[in-house]
Each structure stands twice: as structure tokens, then as C-alpha cells.
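We did not get these values from a lab; they are worked out from the coordinates using the rules stated. Since the model is a prediction, treat every value here as computed from it, not as a measurement. We place every Cβ from the backbone using ideal geometry, glycine too, and count neighbours over all the protein chains shown.
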Amino acid sequence: MRYPVDAGSFSDIDEATRIENAATEGVVLASKHLLERLDPDAARALDLDLDTGASTPLAELESSSDKAAGDAGWIPVAAI
């Protein structure tokens, strides 16, 4: 399932696209930056534990393409 992205610049859209492409087989990925911006009540409503969530650079995911690793591999992401 794809969700619309409201981003302020092409860079944001490009990063979101790389993250989306690395989310395979039903995995939902979110950038650490996005998770840090969530209101605590919203995080609880989504059953997310932001205090213990571990993140991984996008380039280190097996599902990350060479393009994603080159363009946005430094972005820390977490499966949610």
C-alpha cells in the first residue's frame, strides 16, 4: 500500500522513495527523523515504542538497492 507524501523539496521526495523501495515483503519502514517528530500520543496510538526503537542505515538493509544505498544510504530507518 502506498501513502501520499507531502514533502517540501525534491530531496525529501527522493529520500522517501528510496525508503519505500527498500520496504519489501510487507515491512513498513520509517526514517528516524520522522519517528522523532511524532507526537508522543500519536506514537502510543500506533503502538510505537520510540525509546527503545533501533534504527539501521538504509544502505545496510538487504532489501536496499544500489541506487538507494548511493542516494540515501545514510538515512537511519526503523521497521514499524
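The table below gives the values:
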{"read-out": "Point-to-point label distance, E20-A45, nm (Cα→Cβ direction, 7 Å offset)", "value": "2.3 nm"}
{"read-out": "Residue-count net charge about H33 - beta-carbon cut-off 13 Å; Lys, Arg +1, Asp, Glu -1", "value": "-1"}
{"read-out": "Translational D in µm²/s for segment 10-79 (Stokes-Einstein at 20 °C, 1.002 mPa s, Kirkwood Rh from C-alpha pairs)", "value": "173 µm²/s"}
{"read-out": "Dipole magnitude (debye, nearest 20) for the chain, charges at Cβ of Lys, Arg, Asp, Glu", "value": "100 debye"}
{"read-out": "Sum of side-chain charges, D71 neighbourhood, beta-carbon under 10 Å (Lys, Arg +1; Asp, Glu -1)", "value": "-1"}
